[in-house]
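Step one of this worksheet: look at the structure below.
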Amino acid sequence: MKPVLRHIANLWTLMNHPSREAEWTLDQKMRRIREAGFDGVCWAPSAELAEAAQRYGLIFLGGMASANPLEFPALLRDLKAAGAIQVNVQLGRHDTSTQEALEMALPLMQQAEELGLLPAIETHRNTCTETPEKTLALVEAYQQATGRVLPLSWDFSHFAVVKHLLPEQFTSRLLLWPALVQQAQQFHLRPFNGHHVQVPVTRNGSEPTPELRAWLPFAQAILHCWLEGNRDNGREIFLCPELGPVEGGYALSTFPNSWEEAKILRGKIDRLWTSTLQAMSVPQDSSAC
């Protein structure tokens, strides 16, 4: 069985779109996500979102953020009720110790497994995985405690900014753990450089920016690494062009519209996937994408 790519849009990208005064309804947003060729949507659960995802045939990839294990049971039940299987988790805070993070991860993973959910801990600012060192420490502690590999949701942009990396350093400094990359299923592919977790995809919606061009080889390296470990196992990979709006603090006021940029980036990621498959001589399943 061949690997399957799922394009996931984050509802955050459409915040106040097309304007604060005339923001699309949830139904309009979900319809446009489907029309743009996305397979699913990522956000916190709600009955309205679950109904709209089902109506438009979209996968619901759930999201949760918490530093309080007492909240986990209710959050996970809500995700299950909304139809999620994959769950993106922002765990803890910037000052959460490795031991505290482990004491959160253990019940989270156990409770999720009992519900049939597949959570992955996102590498993200202001969480227990905000640096490579903190992430690896948690992964090692979890493996020592359980004998299992802790699933991660990879967003490499935060690590790149922490280390102030140059584009030519991205692959050598950020793909140090190929087994963890290959084990993962969730990836937030937001273009970045060593000082900004988000850079523009285009100049005014057309010409690709130099910053995007510098980032694309790393995106392809991620896909190549993942496919090296998932050539014939039929696993799904969930790729999100994780572009934040101005209101979220990731885009600047001079950037092109985040949703229009996300649609363009989705197409570029799709072409990278196809070219990587071809370069690795991995036959494509035409029904997969």
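The values are calculated or read from the model by the stated rules, or taken from the named source; none is laboratory data. Everything numeric in this text was worked out from a predicted model, so none of it was measured. When we count neighbours, we look across all protein chains shown, and the Cβ atoms used for this are built from the backbone with ideal geometry, even at glycine.
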The lone exception for residue 90 - which of (1) in a loop (DSSP other than H, G, I, E, B); (2) buried (at least 16 other Cβ atoms within 10 Å of the Cβ); (3) within 17 Å of the chain's Cα centre (by Cα); (4) among the polar types (S, T, N, Q) it fails: (1)
Close pairs (8 angstrom Cβ cut-off, 6 or more residues apart or separate chains): charged (D, E, K, R) in segment 103-132, in a helix (DSSP H, G or I) and at pLDDT 95 or above anywhere: 103/69; 125/158; 130/158; 130/162
Residues within segment 171-202 that are farther than 14 Å from residue 223 by Cβ, hydroxyl-bearing (Ser, Thr, Tyr) and in contact (Cβ under 8 Å) with a residue 12 or more places away in the chain, tallied: 1
Of all residues making up segment 253-276, the number that are at pLDDT below 95 and aliphatic (A, V, I, L, M): 0
Subset of segment 214-236 that is within 18 Å of residue 6 (Cα to Cα) and either in contact with a Pro (Cβ under 6 Å, 6 or more places away or on another chain) or of a type in the set (S, T, N, Q) (or both) - its residue that is surrounded by the most Cβ atoms within 10 Å (Cβ to Cβ): 230
Enumeration of residues in segment 151-183 that are buried (at least 23 other Cβ atoms within 10 Å of the Cβ) and in a loop (DSSP other than H, G, I, E, B): 155, 156
Matching residues in segment 1-54 - criterion: being surrounded by fewer than 19 Cβ atoms within 10 Å (Cβ to Cβ) and of a type in the set (Gly, Ala, Ser): 19, 22, 36, 37, 44, 46, 47, 50
Segment 140-153 residues that are under 17 Å from residue 86 (Cβ atoms) and in contact (Cβ under 8 Å) with a residue 60 or more places away in the chain, paired with ones that are surrounded by 13 or more Cβ atoms within 10 Å (Cβ to Cβ) and among the acidic types (Asp, Glu) (beta carbon under 6 Å, 6 or more apart): 153/122
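What tally of residues in segment 140-194 results from selecting those that are within 30 Å of residue 113 (Cα to Cα) and more than 18 Å from the chain's Cα centre (by Cα)? Walk me through it before giving the result.
In the first step, residues of segment 140-194 are kept if they are within 30 Å of residue 113 (Cα to Cα); the result is 140-159, 174-190.
Still in the running and more than 18 Å from the chain's Cα centre (by Cα): 140-149, 176.
Qualifying residue count, segment 140-194: 11.
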Cross-chain or 6+ apart pairs with Cβ under 8 Å, segment 41-66 first and within 11 Å of residue 30 (Cβ to Cβ), then buried (at least 21 other Cβ atoms within 10 Å of the Cβ) and of a type in the set (S, T, N, Q): 41/10; 43/10
